[in-house]
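Worksheet for the structure shown next.
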Amino acid sequence: SVSPDYFETMGIKIVDGRTFVPEDGRDAIIINDIMARRFWGDASPVGRRIRIATDRPWQTAVGVAGDAKQMGPSDPMGDGMEFYQLIPRDTRTQFYAFIIRTSGDRGAALAAARQFVWEIDPKLPIVETATMEARIGEDLARPRFYLTLSSAFAITGALLAAIGVYGISAYWVSRRRRELGIRIALGASADKVMGLVIRGSIKVALVGAAAGLALAVAGTRLIESMLFQVDGRDPLTLIAVTVLLGVLVLIGCLGPALRASRVDPMTVLRAE
């Protein structure tokens, strides 16, 4: 049950019909867009009679509200169907929740709300107060923690990958110094020698990227619970990560490639 100004306060749009007015009684009901599309398709449910359950009275739909996650950004919404009705004036309950929308000082608005409640009854307890930002922050605390932790592991993994590429390229160059020296002695340019080293590193990186993509797609079920509004198989994310690792491979093999292009043939052949 909500008050007449609930939708304006919460920023929920009325996509069809109208919102509640003070003159509405228990006969009026507002449903969300998902519920409207499920039962009426493209037709408008405004003016139709609705009964939420067999033990509930018939009500008239006066409007259709936009879909909203009532329990927070991570709310799966279940089947997504929601309905709203006015709080009856004669309702008696042990708990009320109030939402205040203000563009001014939030502390002053909160103090004024407390004073207003206590003017009605000084004995009424105010159990808890919080801003919408704080509520959303609490709901996103776990996804943010997982994001920070995953980012730290990802950065560490990327650095280890770059170091590994550098080590493999450097080892490859040291093992083939004689061959590189002969190539240079026979007229191979520095660009061709660098290209030889870079191509070898890229071939290894392509094999690793293929294996990594396969494992990433297979392991998305394990990490989807830690993702927030992101598909574990999002193609743009996979492409971006692959490109990033490709750049790291190029950076990692540039040093050994430069050293390979500067090999002195006479020194290498004399050592042999």
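The values are calculated or read from the model by the stated rules, or taken from the named source; none is laboratory data. None of the values given here were measured: they were computed from a predicted structure. Glycine gets a Cβ as well: all are built from the backbone with ideal geometry, and neighbour counts include every protein chain shown. Each accessible area value is taken on the protein alone, full model and side chains, heavy atoms only, with ligands, DNA and RNA left out. Shrake-Rupley method; radii C 1.70, N 1.55, O 1.52, S 1.80 Å.
Among the small types (Gly, Ala, Ser), closer than 25 Å to Ala162 by Cβ and at pLDDT 80 or above: does that describe Ala205? Taking the combined requirement at face value, the residue does not satisfy it.
Here are some residues: Ile163, Ile155, Ile168. Which one is out of contact with any Ser or Thr (no Cβ under 6 Å at 6 or more places or on another chain), free of Cβ contacts under 8 Å to residues at least 40 places away in the same chain, within 14 Å of Leu250 (Cα to Cα) and open to solvent by 50 Å² or more (accessible area, probe 1.4 Å)?
Values: Ile163 fails: free of Cβ contacts under 8 Å to residues at least 40 places away in the same chain; Ile155 fails: within 14 Å of Leu250 (Cα to Cα).
Within the list Ile163, Ile155, Ile168, the selection yields Ile168.
Kindly provide the set of residues from segment 20-53 that are among the polar types (S, T, N, Q) and not in a loop (DSSP other than H, G, I, E, B), ordered by number. Scanning segment 20-53 gives a single hit, Asn32. The condition of being of a type in the set (Gly, Ala, Ser) and surrounded by 12 or more Cβ atoms within 10 Å (Cβ to Cβ) holds for Ser150. For first residues located in segment 240-252 and modelled with pLDDT under 80 and surrounded by fewer than 12 Cβ atoms within 10 Å (Cβ to Cβ), partners that are not acidic (Asp, Glu) and not in a helix (DSSP H, G or I) and lie 6+ apart or on another chain with Cβ distances below 8 Å do not occur.
Asp79 meets each of the listed conditions (1) at pLDDT 80 or above; (2) loosely packed, with under 15 Cβ neighbours inside 10 Å; (3) under 34 Å from the mean Cα position of the chain (by Cα) apart from (1). For segment 5-19, filtering for residues that are assigned to a loop (DSSP other than H, G, I, E, B) and under 25 Å from Trp40 (Cα atoms) leaves 5. All of (1) open to solvent by 80 Å² or more (accessible area, probe 1.4 Å); (2) at pLDDT 90 or above; (3) over 18 Å from Met81 (Cα atoms); (4) not acidic (Asp, Glu) hold for Trp58 with one exception: (3). Does Thr220 count as over 25 Å from Leu196 (Cα atoms), hydroxyl-bearing (Ser, Thr, Tyr) and modelled with pLDDT under 75? It is true that Thr220 is over 25 Å from Leu196 (Cα atoms), hydroxyl-bearing (Ser, Thr, Tyr) and modelled with pLDDT under 75. Evaluated against (1) open to solvent by 40 Å² or more (accessible area, probe 1.4 Å); (2) over 23 Å from Thr242 (Cβ atoms), Ala188 falls short on exactly one condition, (1).
Selection of segment 128-146 for residues being aliphatic (A, V, I, L, M) and without any contact (Cβ under 8 Å) to a residue 12 or more places away in the chain yields Ala130, Met132, Ala134, Ala141. Applying the set (1) closer than 28 Å to Leu140 by Cα; (2) modelled with pLDDT of 80 or more to Gly72 leaves exactly one unmet item: (2).
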